[in-house]
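What follows is a single structure, written as structure tokens, with notes after it.
The values are calculated or read from the model by the stated rules, or taken from the named source; none is laboratory data. Note that this is a predicted model, so its numbers are computed, not measured. Cβ placement follows ideal geometry from the backbone for every residue including glycine, while neighbour counts extend to all protein chains displayed.
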Amino acid sequence: MTEYRFHPMTEEYAAEISTWKYPEPYSLYSMEHSDEDIAELMNGDYFYALDMQNALAGFICKGNSARVPGGVQAGLYDDADVMDMGLGLRPDVTGRGKGRDFLLEGIAFLKERFEPKRLQLVVALFNKRAIAVYERSGFVKGKKFSSKVGERDMEFVAMHFTGG
């Protein structure tokens with residue numbers, strides 16, 4: 001049974017997502033509720049997800065919007081057969097066992113809609129909670145690299161989907 005339904009981003013949901021604030025150490029995923037954040041979410045690469053109660057549960061993104069700047073120098077984005085993906089759950093839903101279903105349904109949506117040959121995502125290396133979800137969902141760790149987040153360097157890891 002499908003728990004989430006994905007749809008092209010709307011301005012209403014982009015504005016709501018741009019207000020989400022994550023607690024430390026996950027605050028790097030928070031947005032500033034700026035016009036730039038909303039424009040980014042409306043660029044065609046983002047899809048919002050509603051849960052079974054029609055509440056906004058999260059979003060997924062693809063392509064350039066899912067890429068981390070340091071990954072360019074690391075050569076992560078050179079393979080045209082690989083679709084980059086990213087995702088975000090509503091802050092109050094994180095850490096409650098919803099991530100794996102959300103991720104797998106997001107993958108199914110991307111595969112059905114865009115038919116990518118392969119999928120990869122990038123995650124901050126400190127985010128052990130997300131990495132565990134990704135590994136349980138069929139992703140394996142690949143290249144590690146560093147990227148600027150604000151004023152500091154952060155370590156990231158690329159993960160490649162090997163599951164069905």
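Given the criteria on the phi < 0 side of the Ramachandran plot, touching a residue at least 40 places away in the same chain (Cβ under 8 Å), surrounded by fewer than 15 Cβ atoms within 10 Å (Cβ to Cβ) and charged (D, E, K, R), does residue 118 qualify?
So residue 118 fits the description; yes.
Conditions tested, residue by residue: (1) within 15 Å of the chain's Cα centre (by Cα); (2) in contact (Cβ under 8 Å) with a residue 24 or more places away in the chain.
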{"position": "22", "(1), (2)": "yes, yes"}
{"position": "28", "(1), (2)": "yes, yes"}
{"position": "31", "(1), (2)": "yes, no"}
{"position": "36", "(1), (2)": "no, no"}
{"position": "53", "(1), (2)": "no, no"}
{"position": "59", "(1), (2)": "yes, yes"}
{"position": "62", "(1), (2)": "yes, yes"}
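Quick check on my filter: what residues within segment 113-157 are farther than 21 Å from residue 94 by Cα and basic (Lys, Arg)?
113, 117, 118, 141, 143, 144, 148, 152
Taking segment 76-115 as the region of interest, how many residues are in a loop (DSSP other than H, G, I, E, B), surrounded by fewer than 12 Cβ atoms within 10 Å (Cβ to Cβ) and free of Cβ contacts under 8 Å to residues at least 12 places away in the same chain?
Matching residues across segment 76-115 total 5.
Consider segment 117-137. How many of its residues are outside any loop (DSSP other than H, G, I, E, B) and among the hydroxyl-bearing types (Ser, Thr, Tyr)?
Of the residues in segment 117-137, 1 are outside any loop (DSSP other than H, G, I, E, B) and among the hydroxyl-bearing types (Ser, Thr, Tyr).
If you scan segment 10-37, which residues turn out to be crowded, with 17+ Cβ neighbours inside 10 Å, in a helix (DSSP H, G or I) and of a type in the set (A, V, I, L, M, F, W, C)?
Across segment 10-37, the qualifying residues are 14, 17.
Against the condition at pLDDT below 95 and closer than 19 Å to residue 29 by Cβ, how does residue 149 come out, does it pass?
yes
Restricting to segment 38-51, and then to whatever is over 14 Å from the mean Cα position of the chain (by Cα) and not in a loop (DSSP other than H, G, I, E, B), can you tell me which residue is farthest from residue 155 (Cα to Cα)?
50
Tally the residues that are out of contact with any helix residue (DSSP H, G or I) (no Cβ under 8 Å at 6 or more places or on another chain), of a type in the set (A, V, I, L, M, F, W, C) and in contact (Cβ under 8 Å) with a residue 60 or more places away in the chain, restricting the search to segment 122-164.
Result for segment 122-164: 1.
Out of everything in segment 124-147 that is of a type in the set (A, V, I, L, M, F, W, C) and surrounded by fewer than 19 Cβ atoms within 10 Å (Cβ to Cβ), what residue ends up being nearest to residue 77 (Cα to Cα)?
For segment 124-147, the residue satisfying everything is 140.
Among the residues that make up segment 45-63, is at least one of them within 24 Å of residue 117 (Cβ to Cβ), among the basic types (Lys, Arg) and at pLDDT 95 or above?
Yes.
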